[in-house]
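Values quoted throughout were computed directly from the atomic coordinates according to the rules given, and no laboratory measurement underlies them. Keep in mind that this is a model prediction, so the values were computed, not measured. Counting neighbours? That spans all protein chains shown, and the Cβs are built from the backbone with ideal geometry, glycine included.
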Amino acid sequence: MQLRLGLPKGSLQQATFGLFRRAGYQVSVSDRSYYPNVDDPEIELVLMRAQEIPRYVDAGAIDAGLTGLDWIVETDADVVDVCDLVYSKATARPARWVLAVARDSDIKSVQELQGKRIATEVVNVTRKYLAKHGVQAEVEFSWGATEVKVPDLVDAIVELTETGASLAANDLRVLETVLETNTKLIANRRSWEDAWKRAKTETVALLLEGALRGEEKVGLKMNVARANLDRVLGLLPALRQPTIAALTSDDWVAVETVLDERAARDLIPTLRRAGAEGIVEYPLNKVIP
């Protein structure tokens with residue numbers, strides 16, 4: 001038996017392959033193939049556009065897949081939301097579909113788009129957002145280069161952004177966030193009811209989530225004299241409690257912990273001043289709580 005798993009082709013492809021490698025899966029694909037190789041005989045991978053994955057998961061053509069919340073909402077797919085996987089091609093933050101107008105536009109709010117024209121790739125998402133605010137506007141599908149259509153062709157756009165740099169470069173001003181989105185692992189409802197496929201999907205989710213946690217954290221190990229142990233332990237965060245192991249000398253112990261990578265830089269000098277020695281920082285592939 002195999003789990004047929006859809007992965008996003010395109011801008012998110014390499015970031016997805018990297019996440020799978022950190023989770024322990026070796027994935028490779030030739031330039032013209034849509035079927036990546038993976039070193040797990042229980043998984044069959046298929047590359048397709050992220051926009052299409054929710055539809056094919058809903059229909060049962062694939063058992064599960066990685067796609068964005070935006071495309072689930074856009075296609076009205078009826079799927080199982082297995083887990084969030086917050087990663088992207090540029091940042092570790094969720095991306096946003098934003099409503100934007102020309103920087104010098106008189107439009108200051110979504111209500112002022114009544115009767116106006118809006119271009120976007122997420123037509124249904126945009127229409128739902130406008131309806132929620134009681135606004136009727138013409139929403140047209142954009143095949144690309146959406147930013148350049150304002151103000152000569154349309155009054156506003158709804159566009160995906162991670163950093164906002166492209167919008168600013170095109171002299172656009174963000175009015176509001178229409179939808180915050182991130183990658184999700186989703187499953188077909190019938191496949192989820194199959195005990196084997198559900199267990200396999202949950203295993204993949206566990207390892208992928210662990211790989212994402214591992215990106216943000218590092219391990220620290222150090223030697224500490226027992227006389228300084230309480231002082232050092234008082235400085236250490238941990239998922240549970242730091243691990244303490246005896247050394248050959250009864251007066252010293254080894255201490256090991258896991259913490260956010262961004263905290264390690266400031267913490268290491270403080271630990272050294274508190275009496276820790278032989279401090280080693282090391283990266284983590286996966287963190288499973």
Report summary line: One would report the antiparallel percent of DSSP beta bridges in the stretch 95-181, rounded to the nearest 5, as 65 percent
Report summary line: Per 5 angstrom bin, beginning at 0 and ending with the bin that holds the maximum distance, the Cα pairs of the stretch 1-159 fall in percents of 1, 8, 15, 17, 16, 13, 10, 8, 5, 3, 1, 0
**Report entry** Extreme residue, positive dipole direction of the stretch 50-183, given options Y87, I72, A61 (C-beta unit charges)
**Finding:** Y87
Report summary line: For the stretch 202-209, in residue order, the Karplus 3J(HN,Hα) values (coefficients 6.51, -1.76, 1.60; θ = phi - 60°; whole Hz; Gly and Pro = x) are 5, 5, 4, 4, 4, 6, 5, 4
**Report entry** Listed residues Q51, Q26, Q241, most fluctuating in the chain (Gaussian network, C-alpha, under 10 Å)
**Finding:** Q241
Requested in this report: Take K132, K197 and order them by how many other Cβ atoms sit within 10 Å, fewest up front.
Outcome: K132, K197
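Rounded to the nearest 5, what is the percent of antiparallel bridges among the DSSP beta bridges in the chain? Intermediate results must be reported in sequence, preceding the final value.
Details: 44 of 60 bridges.
Counting DSSP beta bridges with both partners in the chain, the antiparallel share is about 75 percent.
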Query raised in the report: Taking amide H positions as placed 1.01 Å from N in the peptide plane, with prolines and chain starts having none, which residues 5 or more places from I43, or on another chain, fall under 5 Å of its amide H?
Result: L3
Report task. Run down the lysines and flag those whose C-alpha is under 25 Å from the C-alpha of K9, throwing out any fewer than 8 positions away in its chain. Result -> K89, K184, K197, K200, K286
**Report entry** Highest-fluctuation residue, P54, P94, P242 considered, GNM on the chain with Cα pairs under 10 Å
**Finding:** P242
Requested in this report: Quick one: angle between helix 123-132 and the longest Cα principal axis of the chain, in degrees between 0 and 90, rounded to 10, please.
Outcome: 90 degrees
Query raised in the report: Where does each of R32, R273, R226 land when they are ranked from fewest to most other beta-carbon atoms within 10 angstrom?
Result: R32, R273, R226
Report task. Please give the length that would be gained between R49 and E140 if that part of the chain were fully extended, namely 0.36 nm times their separation in residues minus their C-alpha to C-alpha distance (nm, one decimal). Result -> 30.7 nm
